[in-house]
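Everything on this sheet refers to the single structure shown next.
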Amino acid sequence: MTEDARFEDGREAPLRLKALDADDLTVLAALVQDAVFPASEMRWDRKARRFAILLNRFRWEDAANQTGRRRTFERVQAVLAFEDVMKVQSQGVDKSDPDMVFSLLSIAFQPGKDGAGRIELTLAGDGVIGLEVEALEAILRDVTRPYVAPSGKAPSHPE
């Protein structure tokens, strides 16, 4: 994991993490759970072997520290990028509508041989994006200052 970076004015340290193994990826997955993004914000650069998503994530790391009635729930835009991607496949994901919004539920790594493997991004509505990778390398970086979540609430899941 890398240290937090700071905005140019020195305030508000944005999150900047790198996952190089399955344990690190579990941390990233927890931080991006319930992130949302439109289809138009997913990119696979075959030549650079990079798959990236510009997403709107809930700041779970701050919500856990807040108690009482006057809690402020925040969101932030972040880039989630995967390196050394050899192949991208999707199932149950309609990419034809660029305004379609997806909700990220989880990220998992299935190791293969010699550090290679498959990363699965599970989306609400039974969608899955599968990334065949040569090695596990994921980066999560906040790119905007946090802002109050429009709903004023934390995401919730029906039981």
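At a glance:
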{"read-out": "Under Karplus coefficients 6.51, -1.76 and 1.60, residue-wise ³J(HN,Hα) of the range 99-107 in Hz, glycine/proline x", "value": "8, 4, 9, 9, 10, 7, 9, 7, 10"}
{"read-out": "Difference of contour (0.36 nm per residue) and Cα-Cα distance, residue 135 to residue 72", "value": "18.9 nm"}
{"read-out": "Amide proton proximity set for residue 15, modelled H, under 5 Å, gap of 5+", "value": "142"}
{"read-out": "FRET efficiency estimate (nearest 0.05) - Cβ-Cβ, residue 62 to residue 97, R0 35 angstrom", "value": "0.60"}
{"read-out": "Per-pair calculated FRET efficiency, R0 = 35 Å: residue 126 and residue 50 via Cβ, rounded to 0.05", "value": "0.85"}
{"read-out": "Residue 109 accessible area, assembled protein chains, probe 1.4 Å, Å²", "value": "40"}
{"read-out": "Computed lengthening from residue 108 to residue 151, 0.36 nm per intervening residue step minus Cα-Cα distance", "value": "12.6 nm"}
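The values are calculated or read from the model by the stated rules, or taken from the named source; none is laboratory data. Just so it is clear, the structure is predicted and the values come from calculations on it, not from any experiment. Methodologically, a virtual Cβ is constructed for each residue, glycine included, from the backbone with ideal geometry; neighbour enumeration extends over all protein chains shown. Surface areas here come from the heavy atoms of the whole protein model, side chains and all, with no ligands, DNA or RNA. Shrake-Rupley method; radii C 1.70, N 1.55, O 1.52, S 1.80 Å.
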